[in-house]
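Here's the structure, in structure tokens; my notes come after.
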Amino acid sequence: MTKAIVDTIKVTNNYRTQMTYVLIGGCFLMIAIYVFNVFRVISSTVALQKVQNQTASLESNVENLDAKYLQLSSEITPDTLADHGFVAGKVSDYISRNVSLGSVATGGHEL
């Protein structure tokens with residue numbers, strides 16, 4: 001009878017030791033998952049801040065270019081265009097308004 005009690009105590013202690021190892025292993029696994037998730041959150045936050053900084057930089061560049069465009073476009077007049085060689089175009093071929101649609105189509109000017 002004592003041998004059965006001793007064997008039962010040994011088996012119970014063996015299971016207790018195994019369960020303790022399983023719980024400690026589970027705790028380490030959960031700690032590793034937690035550390036990995038914290039690292040992911042931190043790296044995502046850093047990446048988001050970099051993207052926001054780049055976006056702000058691009059927006060300021062666009063605003064500067066827009067201001068330059070508005071300044072330059074306000075200085076353009078027909079006289080300054082003529083100084084650079086731009087002249088009003090001459091219309092050589094045109095469709096008169098009193099011609100019927102059929103003759104326009106046969107003349108090669110399809111609408």
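Here, each number is a calculation from the coordinates, and none is a lab measurement. Since the model is a prediction, treat every value here as computed from it, not as a measurement.
If the chain between residue 63 and residue 80 were fully stretched, how many nm would it gain, using 0.36 nm times the residue separation less the Cα-Cα distance? Kindly include the intermediate steps, with their values, before the conclusion.
Values: separation 17, 0.36 × 17 = 6.12 nm, distance 2.55 nm.
Length difference between fully extended and current span is 3.6 nm.
Would you list, by chain and number, the aspartates and glutamates whose Cα falls below 16 Å from the Cα of residue 68, excluding same-chain residues fewer than 8 positions away?
Those aspartates and glutamates meeting the cut-off are 59.
Can you give me the P(r) profile for the stretch 2-83? Cα pairs, bins 5 angstrom wide beginning at 0, each as a whole percent.
Taking all Cα pairs of the stretch 2-83, the binned fractions are 3, 11, 7, 8, 6, 6, 7, 5, 6, 5, 5, 5, 4, 4, 3, 3, 3, 2, 2, 2, 1, 1, 1, 0 percent.
Quick check: the distance between the Cα centres of the stretch 10-26 and the stretch 27-99, to the nearest angstrom?
Rounded to whole Å, the Cα centres lie 63 Å apart.
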